[in-house]
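Q: Starting off with a structure, shown below.
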Amino acid sequence: MSSATEQQHLAGPLSASVANLCQRLQPQVSARTAAGFREVLRRLSAPLQVAVAGRIKSGKSTLVNALIGRRIAPTDVGECTRLVTRFQYGTVDRVELVFFDGTKQVLPFEVGGMIPADLDVDFDKVSHLEAYLTNAVLRDLTVIDTPGLGSLDLASVKRTEQLLGAAKHRKDGEDGEDGEEDGDDELDETSRNAVAGAEAVLYVVTQGVRADDQQALAAFTAATASREAGPVNAIAVLNKADTITPESVTGSDGDVWKAATLLAEKQAATLKPRVADVIPVIGLIAESAESGGFTSADADALRSLSQLDDAIWETMLISADIFTTWECDVPTGTRVRLLEKLDLFGIRHAVDALRADPDLTAGALRRSLLDASGLAGVRSRLDAVFRARADGIKAAAALASVTALAHASGDPGERQRVHDAIEVLLAKPEAHQLRLLEALTLVTSGAVDMPEDLAVEVLRVGSNADIGEQLGMKGRPHNELSAYALERAGWWRSFASFGATPAQSRVAHVVHRAYFLIWQQLKAQSGS
Ligand SMILES: Nc1nc2c(ncn2[C@@H]2O[C@H](COP(=O)(O)OP(=O)(O)OP(=O)(O)O)[C@@H](O)[C@H]2O)c(=O)[nH]1
Ligand SMILES: [Mg+2]
């Protein structure tokens, strides 16, 4: 029922062309491959699947709540934090527990609308949770909350891998009403792995990105099945920015947010080219401000605190312990609650705001906290990287699945037919973006070795939607853009012919064509 509205919804022309390819090929391939193609088609018409991944307790669920604008995912402790939860759009709010054998059980929400933290069932039999919510954000993004990577809890890591590497149970969860889904199209393991996996990744890191976080990201990539994560479909956030000690970051001038920004830049260099960006955020404050967690009672308590003597106030802010135990008019319980919702940094921010303007309403205070959380920055990157590119990301993921399915079939004739059809598709100018995404992934994953400056150029051309940004010349006059595009087209063509390895040459041809198409587009614009 829940998926009726999104059933035939494709993200754009690229997805449509891949869907078309699947449909046309279906009668020409084995029943098994055809079943895989049906699954690819089904995924193509569903919203972009974004997995939120990262180390244990990095604040993934808190951030998911902030993004959805509702405190629904259990945070901190409890069994359910060890489960994958898929948040998707539905017409009625509903949470289902999905077992490994495919059976499901509807879970009641807790008072306050959360998913219960603990379950009254045999945990070992549980595959994952499906949450259907009438939430606008989920109309074009399905958000997958995952248990922490790098945790010692091997069972949850295995669960995550199984789920993201296998679509079996999810399929039931999404369109159980689809009658033709039964029997012969039950996918075997190989096909399932070829199709499954999240299409995009939001990677949550905290201050201490360790050297092996690169590795954690790579491990996650492996779990997203046949797909490589790269700057096209992966972004990172530096969460818990409020807990950074600015003194530990040179150049921060004692400012937490400045320190966070500097650290995020440093981490971007470490995680490059796996992710597009590292954006600092304070998930906890974002969650409280965005999900109704921050109440007018909290605002009143903060107002009382803002009237405390300056010296006392500074002393209280030294640590959470002192803050809660210091003798003052605001009850201890209230202070504990404030800490849980805002932590010391948020509390200080709110009190500063109230001191600057004692007439600040609870609503205005909430907005000020939201601003301080940096959530808007994450939202706009999500829009720019995921939402705007959903068509390309989904189409590229689908093509990778189609290729993997053909490979898994073991029939050379079938493999050739699929291969030929893909080549025909990619040769069309309107599908060139897919070829470019593929080339970009080859370069950023290191599969094709490129000199640093050329790799940067491929990244720029391949991962931007705007022509000015693609050329690295945003805001420049039209004729300059046009001349530059033509010059680079020529350069990449000669690089393709001379002075390149065969693998580099293939990439160079694609980049040449990209510049040429940009030039054509610019010419058409100036002509009209
Ligand atoms: N100070 C601070 N605490 C945060 C922030 N984000 C999350 N937390 C706290 O960190 C703890 C863990 O948060 P979760 O959202 O459960 O983290 P998680 O990554 O989902 O944890 P697992 O699913 O168990 O791996 C909770 O106590 C949160 O309140 C933040 O931005 N600042
Ligand atoms: Mg969690």
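Q: Going through region 293-317 one residue at a time, which ones are in a loop (DSSP other than H, G, I, E, B) and either in the same structural domain as Gly112 (by TED's automatic domain parsing) or within 16 Å of ligand 1 (Cβ to nearest atom) (or both)?
A: Those that are in a loop (DSSP other than H, G, I, E, B) and either in the same structural domain as Gly112 (by TED's automatic domain parsing) or within 16 Å of ligand 1 (Cβ to nearest atom) (or both): Gly293, Phe294, Leu317.
Q: Got a sec? Which of Thr315, Thr334, Thr324, Thr295 is of a type outside the set (Lys, Arg) and under 28 Å from Gly208 (Cβ atoms)?
A: It is Thr324.
Q: Go through (1) near ligand 2 (Cβ under 10 Å from one of its atoms); (2) surrounded by fewer than 24 Cβ atoms within 10 Å (Cβ to Cβ) for Ile68 and report which single condition fails.
A: Among (1) near ligand 2 (Cβ under 10 Å from one of its atoms); (2) surrounded by fewer than 24 Cβ atoms within 10 Å (Cβ to Cβ), the lone unmet condition for Ile68 is (1).
Q: I'd like the full set of residues that are among the aliphatic types (A, V, I, L, M) and over 18 Å from Asp357 (Cα atoms), limited to region 298-331.
A: Ala311, Ile312, Met316, Leu317, Ile318, Ala320, Ile322, Val330
Q: Condition first: more than 19 Å from Val510 (Cβ to Cβ) and surrounded by 20 or more Cβ atoms within 10 Å (Cβ to Cβ). Now tell me which residues in region 410-428 satisfy that.
A: Val418
Q: Now for a separate question. Condition first: at pLDDT 90 or above and either over 30 Å from Asp124 (Cβ atoms) or within 16 Å of ligand 2 (Cβ to nearest atom) (or both). Can you find one or more residues in region 3-15 that meet it?
A: Scanning region 3-15 turns up at least one residue that is at pLDDT 90 or above and either over 30 Å from Asp124 (Cβ atoms) or within 16 Å of ligand 2 (Cβ to nearest atom) (or both).
Q: Quick check on Arg24: is it more than 18 Å from Ala390 (Cα to Cα), in contact (Cβ under 8 Å) with a residue 12 or more places away in the chain and within 16 Å of ligand 1 (Cβ to nearest atom)?
A: No.
Q: Among (1) more than 18 Å from Leu375 (Cβ to Cβ); (2) at pLDDT 95 or above, which single condition is Gln267 missing?
A: Here Gln267 clears every test but (2).
Q: Out of Gly59, Gly54, report the one residue that is small (Gly, Ala, Ser), within 9 Å of ligand 1 (Cβ to nearest atom) and modelled with pLDDT of 90 or more.
A: Matching residue, one of Gly59, Gly54: Gly59.
Q: Would you please name the residue that is modelled with the lowest pLDDT, looking only at residues in region 472-489 that are under 25 Å from Ala503 (Cβ atoms) and either surrounded by 13 or more Cβ atoms within 10 Å (Cβ to Cβ) or in contact with a helix residue (DSSP H, G or I) (Cβ under 6 Å, 6 or more places away or on another chain) (or both)? Talk me through it step by step, then tell me what you get.
A: Residues of region 472-489 under 25 Å from Ala503 (Cβ atoms): 472, 485, 487-489.
Remaining after also requiring either surrounded by 13 or more Cβ atoms within 10 Å (Cβ to Cβ) or in contact with a helix residue (DSSP H, G or I) (Cβ under 6 Å, 6 or more places away or on another chain) (or both): 472, 485, 488-489.
Numbers: Gly472: 94, Ala485: 97, Arg488: 97, Ala489: 97.
Ranking the qualifying residues of region 472-489, first place goes to Gly472.
Q: Filter region 372-394 for residues that are under 24 Å from Ala259 (Cβ atoms) and exposed (fewer than 14 other Cβ atoms within 10 Å of the Cβ); which is nearest to the chain's Cα centre (by Cα)? Can you show your working first?
A: In the first step, residues of region 372-394 are kept if they are under 24 Å from Ala259 (Cβ atoms); the result is 372-382.
Now restrict to residues that are exposed (fewer than 14 other Cβ atoms within 10 Å of the Cβ): 376, 380.
Values: Ala376: 15, Ser380: 12 Å.
By that ranking, first place goes to Ser380.
Q: Right, something else. Which residue out of Glu340, Glu314, Glu287 is among the acidic types (Asp, Glu) and within 21 Å of the chain's Cα centre (by Cα)? Step through it out loud before you land on a result.
A: Working: Glu340 fails: within 21 Å of the chain's Cα centre (by Cα); Glu314 fails: within 21 Å of the chain's Cα centre (by Cα).
Selected residue: Glu287, the only one of Glu340, Glu314, Glu287 that is among the acidic types (Asp, Glu) and within 21 Å of the chain's Cα centre (by Cα).
Q: Here's something else I'd like to know. For region 73-95, give me the residue count where each residue is within 13 Å of ligand 2 (Cβ to nearest atom) and either at pLDDT 90 or above or within 17 Å of the chain's Cα centre (by Cα) (or both).
A: From region 73-95, those within 13 Å of ligand 2 (Cβ to nearest atom) are 73-85, 87; that's our starting set.
Filter once more, so that each one left must be either at pLDDT 90 or above or within 17 Å of the chain's Cα centre (by Cα) (or both): 73, 84-85, 87.
Residues that pass the stated criteria total 4.
The values are calculated or read from the model by the stated rules, or taken from the named source; none is laboratory data. These figures come from a predicted structure and were not determined experimentally. Glycine also receives a Cβ, built like all others from the backbone with ideal geometry; neighbour counts cover every protein chain displayed.
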